[in-house]
Amino acid sequence: MTNHVEVRQVSHKYGQLEALKKINMIFDGGEVTALIGPNGSGKSTLLRIIAGLEKPTEGAIIVDEKPRDPRDLRSIATLVFQRSVAFNTSVYDNLAYGLKLRGLGRSQMSEKVTDVLRMVGLEGFEKRRARRLSGGEQQRVSLARALAIDPEVLLLDEPSANLDPRSASVVENVITRVSHELGTTTILASHNMGQARRLASKVAVLEEGKIVDVSTSGDLLETFGRFQNIFSGHAVSGDSGITLIEIGNEVKLETTNTIRGPVTVSIRPEEIVVSKIPLQSSARNVFKGKVTEASDRGNNVQLKADVGREFTALITRKSFDEMQVTIGSDVYLVIKAQAIQVTEQ
Amino acid sequence: MPLGVFVEGLIQAIRLILTGNPEVLSVALRSIQVSVLSTILASAWSVPIALVIGLKNFPGKRILKTIFQGLLGVPTVALGLFFFLLLSRSGPVGFLNLLFTVNGMVIGQSFLIAPILISFTTSAIESTDVEIRDLARTLGASETTVAFTIARESMSGILLAIVAAFSRAIAELGVVMMVGGNIRNVTRVLTTAIALETARGDIAFSIALAIILLAIVYFVTFLVNFVQRRVR
């Protein structure tokens with residue numbers, strides 16, 4: 001299978017909300033591509049459109065150089081949802097659903113069900129009620145059900161979100177195997193940068209309905225650093241040759257670049273200084289906000305703080321311990337003008 | 001002596017059932033026949049209507065649902081009167097000779113219980129996880145297959161709608177009285193017989209019939225609960 005999927009000038013609106021804005025992207029046949037980006041960036045909408053579950057407001061999905069309508073797409077691609085969904089039947093009947101629609105005989109069906117259950121490590125689960133399985137087992141059933149129909153394009157929305165480590169590992173192994181052995185074109189949406197790096201040969205970053213970067217997996221560590229704080233904004237001239245970029249919610253960044261108009265800004269988390277008190281410094285950008293999340297990163301701690309927009313900062317564990325910040329603590333984020341990367345949209 | 005009358009009625013009910021009183025048996029069987037047929041007839045067109053309302057979005061959907069919900073409380077005697085006028089010899093469909101027949105009662109009752117079936121089934125379908133529809137579609141199901149899948153997934157709620165409709169049919173008086181006419185051995189059913197015997201002053205016999213009526217309703221409810229557990 002070498003099904004190239006091309007997303008051409010795709011826009012999608014939910015009422016007044018523009019979920020996707022003129023997206024152009026080529027997903028190579030037989031490769032795994034990861035879509036990463038924050039919540040609401042349009043990852044799931046893009047997957048639903050490629051799956052044929054929604055018709056884009058504008059644009060087209062091209063598979064192997066032919067524009068496809070949603071009905072065609074539903075026969076080519078299948079989507080594994082983020083939340084485990086199962087028919088209220090046995091595991092066997094769940095897996096056989098798509099096979100019955102394709103007119104498979106009983107023995108072929110049984111053979112296929114056994115095969116895919118073995119792939120996801122759930123041998124012998126045929127007679128179990130699908131909805132009575134654990135979350136991880138249900139998600140593996142979801143993956144098996146999608147694989148059973150031999151899709152040409154496999155779409156996965158956060159395939160291992162909220163899974164136990166064993167199930168997450170099984171899911172990742174199966175995705176790799178399917179891509180390598182069967183050459184299935186695979187597109188997965190993920191929050192998990194590490195997972196994207198492990199599984200995908202190409203990574204596309206979505207921000208506010210636009211693809212702001214496409215890189216190969218090798219560049220992903222760089223991408224990871226750059227794309228923790230990505231915002232769309234509008235750059236205008238300020239006083240004394242500086243540039244002011246409004247990124248929403250009245251948050252304005254001062255930068256030294258000369259680009260004007262619609263821009264995308266990105267700031268590496270390690271470039272942001274976190275302080276509990278206002279600092280006297282040369283940095284041009286100081287914002288007061290509240291800590292919304294703190295997560296362990298080995299010797300470092302990743303802090304998220306809401307200052308009108310949410311920023312991610314990376315500080316050492318020692319600093320974190322000394323500052324004694326918790327969720328809800330008031331903090332100041334300090335960013336040098338030169339630390340802000342600006343690209344034209 | 002209400003308690004005394006009740007006990008007497010209970011004893012008489014047991015005696016009538018155990019001795020297989022032909023009058024009681026005939027009335028009870030006719031009640032079951034009319035209610036079962038009207039439930040089948042109403043289900044045949046109400047469930048597909050509910051599937052369309054539950055699965056499709058169209059202008060006026062909310063108004064349509066409100067109309068059916070309003071019809072849940074339609075007075076049975078008013079509907080009975082409507083069908084009496086419709087089916088009477090001088091009425092628009094009088095030539096069908098359905099007035100004072102079991103078939104006429106079945107048709108009248110099927111209209112009475114249709115709003116229950118439509119409203120409850122629509123609600124059951126709408127409460128089925130929306131992702132189940134997407135799941136069926138992403139596995140390649142056509143819109144018709146999606147509808148069948150949703151109906152199967154909502155089966156527990158649909159069964160509840162059917163039992164509620166059956167219970168309403170077997171327990172109502174207005175339609176069967178007006179359309180059936182309570183003719184002995186022809187259209188007399190449990191509710192019309194109870195009304196008649198009470199008017200005649202045979203309270204114990206009325207209570208006996210009422211107990212049989214309740215027993216049928218509970219039997220059907222238990223049966224459906226059993227089936228629902230199997231479906232789940």
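Within region A:175-196, the residues that satisfy the criterion of being at pLDDT 80 or above and under 19 Å from the mean Cα position of the chain (by Cα) are A:I175, A:T176, A:S179, A:T185, A:T186, A:I187, A:L188, A:A189, A:S190, A:A196. Mind checking whether some residue in region A:317-333 is closer than 23 Å to A:V205 by Cα and in contact (Cβ under 8 Å) with a residue 40 or more places away in the chain? No: zero hits.
Taken over region A:55-75, the residue count meeting the criterion of being away from chain B (no Cβ under 14 Å) and of a type in the set (G, A, S) is 2. Regarding region B:25-38, can at least one residue be identified that is buried (at least 16 other Cβ atoms within 10 Å of the Cβ) and charged (D, E, K, R)? Among the residues of region B:25-38, at least one is buried (at least 16 other Cβ atoms within 10 Å of the Cβ) and charged (D, E, K, R), which makes the answer yes. Scanning region A:275-286 for residues that are surrounded by 11 or more Cβ atoms within 10 Å (Cβ to Cβ) and under 12 Å from A:K336 (Cα atoms) gives A:S281, A:A283, A:R284, A:N285, A:V286. On inspection, A:L104 qualifies as free of Cβ contacts under 8 Å to residues at least 12 places away in the same chain and among the hydrophobic types (A, V, I, L, M, F, W, C). Filtered by the rule that a residue be more than 7 Å from every other protein chain (Cβ to nearest Cβ), part of a helix (DSSP H, G or I) and surrounded by fewer than 22 Cβ atoms within 10 Å (Cβ to Cβ), region B:123-138 gives B:S123, B:E126, B:V130, B:R133. For the residues B:Q69, B:Q33, B:Q12, the requirement of being of a type in the set (S, T, N, Q), part of a helix (DSSP H, G or I) and without any contact (Cβ under 8 Å) to a residue 60 or more places away in the chain singles out B:Q69.
Taking the numbered list (1) without any contact (Cβ under 8 Å) to a residue 60 or more places away in the chain; (2) within 14 Å of chain A (Cβ to nearest Cβ) in turn, B:S156 passes all entries but (1).
Of the residues in region A:135-154, not one is over 23 Å from A:Q108 (Cα atoms), surrounded by fewer than 22 Cβ atoms within 10 Å (Cβ to Cβ) and within 19 Å of the chain's Cα centre (by Cα). Looking only at region B:13-22, decide whether some residue is touching a helix residue (DSSP H, G or I) at 6+ places or on another chain (Cβ under 6 Å) and either modelled with pLDDT under 95 or not aliphatic (A, V, I, L, M) (or both). Within region B:13-22, one or more residues are touching a helix residue (DSSP H, G or I) at 6+ places or on another chain (Cβ under 6 Å) and either modelled with pLDDT under 95 or not aliphatic (A, V, I, L, M) (or both). Could you tell me whether region A:104-112 includes any residue that is under 24 Å from B:T145 (Cα atoms), within 14 Å of chain B (Cβ to nearest Cβ) and at pLDDT below 95? Taking every residue of region A:104-112 in turn, at least one turns out to be under 24 Å from B:T145 (Cα atoms), within 14 Å of chain B (Cβ to nearest Cβ) and at pLDDT below 95. Listed by position, the strands (runs of 3 or more DSSP E) contained in region A:132-207 that have at least 1 residues being within 14 Å of another protein chain (Cβ to nearest Cβ) are A:153-157, A:185-190. Of all the numbered requirements in (1) within 14 Å of chain B (Cβ to nearest Cβ); (2) under 21 Å from A:I211 (Cα atoms), A:M25 misses one, and that requirement is (1). With respect to A:V236, is the statement that it is part of a strand (DSSP E or B), in contact with a Leu (Cβ under 9 Å, 6 or more places away or on another chain) and surrounded by fewer than 15 Cβ atoms within 10 Å (Cβ to Cβ) true? Answer is yes for this residue.
Whenever a residue of region B:121-149 is closer than 22 Å to B:A164 by Cβ, its partners that are outside any helix (DSSP H, G or I), lying with C-beta atoms within less than 8 angstrom and at least six residues away or across chains, give the pairs B:T121/B:S154; B:A124/B:S154; B:I125/B:S154; B:S127/B:S154; B:T128/B:S154. Among the residues of region B:63-89 satisfying the criterion of being closer than 17 Å to B:G180 by Cα and among the small types (G, A, S), which is surrounded by the fewest Cβ atoms within 10 Å (Cβ to Cβ)? Applying the filter and picking the extreme gives B:A78.
Does A:V91 count as more than 14 Å from chain B (Cβ to nearest Cβ), over 25 Å from the mean Cα position of the chain (by Cα) and not aromatic (F, W, Y)? Yes: the conditions hold for A:V91.
Scanning region B:88-104 for residues that are part of a helix (DSSP H, G or I) and over 17 Å from B:V186 (Cα atoms) yields a total of 3. If you check B:A199, B:A164, B:A208 for being surrounded by 21 or more Cβ atoms within 10 Å (Cβ to Cβ), of a type in the set (A, V, I, L, M) and part of a helix (DSSP H, G or I), only one passes: B:A208.
The values are calculated or read from the model by the stated rules, or taken from the named source; none is laboratory data. Note that the structure is a prediction, hence the values are computed from the model and not measured. Here the Cβ is made from the backbone with ideal geometry for all residues, glycine too, and neighbour counts use every protein chain on show.
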